[in-house]
1. Are there strands (runs of 3 or more DSSP E) fully within region 241-317 with at least 1 residues that are modelled with pLDDT of 95 or more, among the hydroxyl-bearing types (Ser, Thr, Tyr) and over 14 Å from Lys62 (Cα atoms)? List them.
2. Would you pick out the residues in region 278-296 that are touching a residue at least 12 places away in the same chain (Cβ under 8 Å) and surrounded by fewer than 17 Cβ atoms within 10 Å (Cβ to Cβ)?
3. Looking only at region 246-262, decide whether some residue is hydroxyl-bearing (Ser, Thr, Tyr), under 26 Å from Ala164 (Cα atoms), touching a Lys or Arg at 6+ places or on another chain (Cβ under 7 Å) and in contact (Cβ under 8 Å) with a residue 24 or more places away in the chain.
4. Residues that are closer than 22 Å to Gly102 by Cβ and among the polar types (S, T, N, Q): does region 257-272 have at least one?
5. How many residues, within region 81-105, are of a type in the set (A, V, I, L, M) and at positive phi?
6. Across region 188-230, which residue is surrounded by the most Cβ atoms within 10 Å (Cβ to Cβ) among those that are of a type in the set (Gly, Ala, Ser) and touching a residue at least 60 places away in the same chain (Cβ under 8 Å)?
7. Criterion first (outside any strand (DSSP E or B), touching a helix residue (DSSP H, G or I) at 6+ places or on another chain (Cβ under 6 Å) and closer than 21 Å to Phe35 by Cβ) does Phe184 satisfy it?
8. Within the set of pairs 6 or more residues apart or between chains, which connect a residue that is farther than 21 Å from Asn206 by Cβ inside region 133-145 to a residue that is acidic (Asp, Glu) and outside any helix (DSSP H, G or I) with Cβ atoms less than 7 Å apart?
Amino acid sequence: MTTSTLKPWAVIATLLVAASAQAGAPMARFQAPGFYRTTLGDFEVTVLNDGTLDLPVDKLLKQPADKTNAALAKSFLKSPVQTSVNGFLINTGSKLVLIDTGAASLFGPTLGQLLANLKASGYKPEQVDEIYISHMHGDHVGGLASNDQRVFPNAIVRAGKLDADYYLNPSNLDKASGEAKDNFQGPQVSIGPYVKAGKFQPIIANTELVPGIKSYFNGGHTPGHITYVVESKGQKLVLLGDLLHVQSVQFEDPGVGIAFDSDSKVAIAERKEAFAAAAKEGYLIGAPHLSFPALGHVRANGKGGYVFVPINYTQPR
């Protein structure tokens, strides 16, 4: 039967049903799995997204709010900025190394996706050999444990000794008050199971942790903050940790500090040094709070600041 054989009211009813069916499709409201994969020499690099966190950066950055808002507007953003939380999985061919683990449940329902994205990327948590922590804030260590159990049962966890001495010290938790207790509870709950299992090793000095991955202390953000340098076949990636939080502001003006830093003066100096080196040498950088997939290059803008150039999308080969 064709529409020409239907009565006019039947034709109209049929068209209305079809139109309503199309209009009524619910919005999906979810993203594709949050992993991005590329190569670095002989290494495979997989960025794992843990979700995003809304940051009121106009209140957190150490400059007038109107200046922050003007910088955000140039990038078509406004405060609060939906800020990525990322980890980096490095397969060297002999070791599987995860650098930072996201927040898991420590920072609310918009985070906690790193483990699922690791699995979606084709790996299992028990395959991870080593975990390197840039610093012991909750959004970097939260993914280590769940219900007092190690999420990565075969992994050795390493982090700076200065951070370990500060954040894992029960007396510092006892002395803290109010919300400040969270700064210690998160790391202690997350890293504690690895300490008990003899699988936590503090990093004492700059060193090569596994072939191709080195630690570099730079403090400022936390007492024992570390960046990690990954190198293979002449290619280099520097993972900056929390040397930056707001890419739309701190690249153009690396002298802008943020309230999260324990020593803003040191953090600013380290950020300026890191950006200058990356621009001069042309290597890749990555950071947990760069917009996912959180990899790219830095170039000088000729005005004392820098421009972040996100990595070109590629298929691993």
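1. Ranges flagged: 306-310.
2. Glu281, Gly282 - these are the residues of region 278-296 that are touching a residue at least 12 places away in the same chain (Cβ under 8 Å) and surrounded by fewer than 17 Cβ atoms within 10 Å (Cβ to Cβ).
3. Looking for residues that are hydroxyl-bearing (Ser, Thr, Tyr), under 26 Å from Ala164 (Cα atoms), touching a Lys or Arg at 6+ places or on another chain (Cβ under 7 Å) and in contact (Cβ under 8 Å) with a residue 24 or more places away in the chain, one finds none in region 246-262, hence no.
4. yes
5. The qualifying residues number 1.
6. Residue satisfying both the conditions and the ranking: Ser190.
7. Answer is no for this residue.
8. Listed by first residue and then by second, the contacts come to Gly143/Asp50.
The values are calculated or read from the model by the stated rules, or taken from the named source; none is laboratory data. Remember, it's a predicted structure, so these values are computed and weren't measured experimentally. For neighbour counting, all protein chains shown are included, and Cβ atoms are generated from backbone atoms with ideal geometry for every residue, glycine included.
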